[in-house]
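Data first, discussion second: the structure below is written as structure tokens.
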Amino acid sequence: MEFTRLRVVELAAGETYAFACGEAEWIVLPLAGGCRVRCASERGDPPGSRAEADAELDAGFDAGFDVEFELRGRASVFAGPGDFAYLPRDARAEIASAAGGRFALAGARCANRLPARYGPAAGVPVELRGAGTCSRQVHNFAAADAFPCDRLIAVEVITPGGNWSSYPPHKHDEHRPGEESRLEEIYFYEIAPHEGVPGLGYQRVSPSPTGRTDLLAEVRSGDTVLIPDGWHGPSIAAPGHDMYYLNVMAGPPGTPREWLIRDHPDHGWIRDSWTGQAVDPRLPFPSGVPHTGTEDA
């Protein structure tokens, strides 16, 4: 992928993961468990190569950390929004977890260096989209209008078992000012088991006028689908297995940081059918999570 980045790190109790941010800004998002995030936010330019940076880290390089965040995290991605930490480009960071856990690093290649910041779980906008069997829940923790980044856009989506999300199929692979954004996208999945049986789902990506990606994939926990272009959707959750995915998006330098989409012309009518339908009663997930209401977009 040209603009987007994703790493998923699993840490044992007491383990630490150190990395150089390089030319990308990053958000550390706990998927399960909590962690401490430290950042050397004022180091200036990194070493001349990624290999040199990695060698320094391997040798126990003292990054001189001057920013530290304690992320409470959550039991799982189905336990509601979590807190997170934003890390700027050209910085060094480490993630340490006393009890262990799983952590997503969502990143985007960028030019500007913003300050390191903490994002509280209570500040994450929670939105219910669609209706009926197209109902889903969106955590807009780093949406374009919710949290300042240079290029990165990232959200979480929870789809109740048996429902379709990312529907109608839509695209954002052309820069059309005021109409459509040019954004790459990464989907990272976790599927809830049912009585100990692992779950699954399906993801469709079809060619658009300017994109050639053509994919129908069975997805399970830990799988990733890369979407450089094309119509994407539906994301289908098997009955009995709730589906989670993390969306990581970014576009070319010089374009606005905004999420503007175009629906597939053969399927956009589905939005009109939601009028008068109730949102799936299983949402919000978990019950009682505050949300901003419903939104068709």
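Please give the contour-minus-distance gain from Asp66 to His175: 0.36 nm per residue of separation, less the Cα-Cα distance, rounded to one decimal in nm.
35.4 nm
Just need the relative contact order of the chain here, percent rounded to a whole number, with Cα pairs under 8 Å and 6+ apart.
In percent, rounded to a whole number, it is 21.
Put a dot 7 Å past each Cα toward the Cβ at Leu226 and Glu195; how far apart are the dots in nm?
If labels sit at Glu195 and Leu226, their model points lie 4.0 nm apart.
For Ala12 and Asp145, what is the calculated FRET efficiency with R₀ set at 41 Å and r taken between the beta-carbons, to the nearest 0.05? List each step's numbers first, then the result.
Values: r = 38 Å, r/R0 = 0.91.
Between Ala12 and Asp145 the formula returns 0.65.
Asp272 to Thr292: FRET efficiency via 1/(1 + (r/R0)^6), r the Cβ-Cβ distance, R0 30 Å, to the nearest 0.05? Intermediate results must be reported in sequence, preceding the final value.
Numbers: r = 22 Å, r/R0 = 0.74.
So the FRET efficiency works out to roughly 0.85.
In the stretch 196-286, what trypsin sites (Lys or Arg not before Pro) fall in a loop by DSSP, with at most 11 other Cβ atoms inside 10 Å?
Details: sites: Arg204, Arg212, Arg220, Arg257, Arg262, Arg271, Arg282; in loops: Arg212, Arg220, Arg257, Arg282.
For trypsin sites (Lys or Arg not before Pro) across the stretch 196-286 that sit outside H, G, I, E and B with at most 11 neighbouring Cβ atoms in 10 Å, the list reads Arg212.
Starting from the 7 Å offset along Cα-to-Cβ, what nm value, one decimal, do you get for the label separation of Tyr118 and Glu258?
Distance between label points: 3.3 nm.
Taken together, the values in this text are just the output of simple stated rules run on the coordinates, not laboratory data. Owing to the predicted nature of the structure, the values given are computational and were not obtained by experimental measurement. Here the Cβ is made from the backbone with ideal geometry for all residues, glycine too, and neighbour counts use every protein chain on show.
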